[in-house]
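What follows is one structure encoded as structure tokens, with my remarks underneath.
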Amino acid sequence: MRADGKRLKHTDPMYTVAAYIMDKRYDAMNMITLDIPVDPIQSYINEKRKQGIIMSHMDVIIAAYLRTAASYPALNRFVVNRKVYTRNEFCIAMVVLKPGDMNQETMSKMYFSPDYTIFQVHDTIEKYVTENREAPEKNGTEKIIKFLLSFPGVLPIGVGIFKFMDKHGLLPKSIIDASPFHSSMVVSNLASIRTNHIYHHCYEFGTTSLVLTMGNLREVAKRKGDDIVFERCIPIGLVMDERICSGAYFSMAFRELKKYLKNPKLLETPPEKVLTDPEL
């Protein structure tokens, strides 16, 4: 039993075998771009601003993904040492730039409940960003890094021990809580540094099964009747560990995600029901 998840013993045999054939996370990565129309999101943000609530595109996207995961809980699975687990918490790791220096960044993670509304998601993100910008040295990730670098020779030995313990489910919860590599998803807003979206690798160390990046706005050609129109979109690069669920499951989940991004007002009330992993 791991501190951060419960092993699934009755998954589809195909995925049991896949975890042995593709025993590395980077060997099981699938990638897709989702072009999300920006106008519905921007209209919602503008409406909230008039009400004195300062929302961001990131708030909406994370809230939409969290709501999607409430209906598609297999998105919160992970694979370690050829075994499939369902996570017992929902957390998202995100890079935050340190103030005054574009070359310095810190990374930790935020915790969410599947029944959060967009307002609770907004408050959680705002608190996380503020704390990591004002006192980045206080987050658990920074403390572990400083410890590993504090004594000559500790870094390779310490990282090796962490990897061994993680592989065998022995890593303490305190280390897991401090590690951004043990998260439901990693998010990076590359548009904030005026960069295009990328397909960011899933880390082999840890448990992250999905990485999402947002890039610069772009115009996407779409057919409307007999005409071709250009729609402003937020390009999202998604990298997934294909061993956690089927392609059809991912497809249905991403359709659900788009539904919420098309109408963010749906995120203002809690979900009617939060589903548990279908294998439990």
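General observations
- Selection count where residues are open to solvent by less than 50 Å² (accessible area, probe 1.4 Å), in contact with a helix residue (DSSP H, G or I) (Cβ under 8 Å, 6 or more places away or on another chain) and over 18 Å from Lys109 (Cβ atoms), scope the range 199-237: 5
- With respect to being modelled with pLDDT of 90 or more and assigned to a loop (DSSP other than H, G, I, E, B), His200 fits the description.
- Every condition in (1) assigned to a helix (DSSP H, G or I); (2) touching a residue at least 40 places away in the same chain (Cβ under 8 Å) holds for Ala248 except the one numbered (2).
- Leading residue by the ranking (nearest to Asn88 (Cα to Cα)) among those in the range 15-73 that are among the basic types (Lys, Arg) and open to solvent by 50 Å² or more (accessible area, probe 1.4 Å): Lys24
- Any chance Lys259 is touching a residue at least 12 places away in the same chain (Cβ under 8 Å), loosely packed, with under 14 Cβ neighbours inside 10 Å and out of contact with any strand residue (DSSP E or B) (no Cβ under 7 Å at 6 or more places or on another chain): no
- Only a single criterion out of (1) touching a Gly at 6+ places or on another chain (Cβ under 7 Å); (2) in contact (Cβ under 8 Å) with a residue 24 or more places away in the chain is not satisfied by Val186, namely (1).
- Being open to solvent by 10 Å² or more (accessible area, probe 1.4 Å), more than 18 Å from Val211 (Cβ to Cβ), in a helix (DSSP H, G or I) and of a type in the set (Lys, Arg) is a property that does not hold for Arg2.
- Residues (out of contact with any strand residue (DSSP E or B) (no Cβ under 9 Å at 6 or more places or on another chain) and within 21 Å of Glu272 (Cα to Cα)) located in the range 117-134: Thr117, Ile118, Phe119, His122
- Candidates are the residues of the range 103-135 that are part of a strand (DSSP E or B) and crowded, with 16+ Cβ neighbours inside 10 Å; the one that is modelled with the lowest pLDDT is Thr106.
- One residue alone among Ile53, Ile92 is touching a residue at least 12 places away in the same chain (Cβ under 8 Å), under 28 Å from Val274 (Cβ atoms) and more than 14 Å from the chain's Cα centre (by Cα), and that residue is Ile53.
- Of the candidates Gly169, Gly160, the single residue that is assigned to a loop (DSSP other than H, G, I, E, B), at pLDDT below 95 and out of contact with any helix residue (DSSP H, G or I) (no Cβ under 7 Å at 6 or more places or on another chain) is Gly169.
- Any hit, the range 165-174, residues being farther than 23 Å from Arg67 by Cβ, open to solvent by less than 50 Å² (accessible area, probe 1.4 Å), in contact with a strand residue (DSSP E or B) (Cβ under 8 Å, 6 or more places away or on another chain) and basic (Lys, Arg): no
The values are calculated or read from the model by the stated rules, or taken from the named source; none is laboratory data. Quick caveat, the model's predicted, so the values are computed rather than measured. Please note: Cβ atoms are built from the backbone with ideal geometry, for glycine as well, and neighbour counts cover all protein chains shown. For the accessible areas, the whole protein counts, side chains as well, though only heavy atoms, and no ligand, DNA or RNA atoms are used. Shrake-Rupley method; radii C 1.70, N 1.55, O 1.52, S 1.80 Å.
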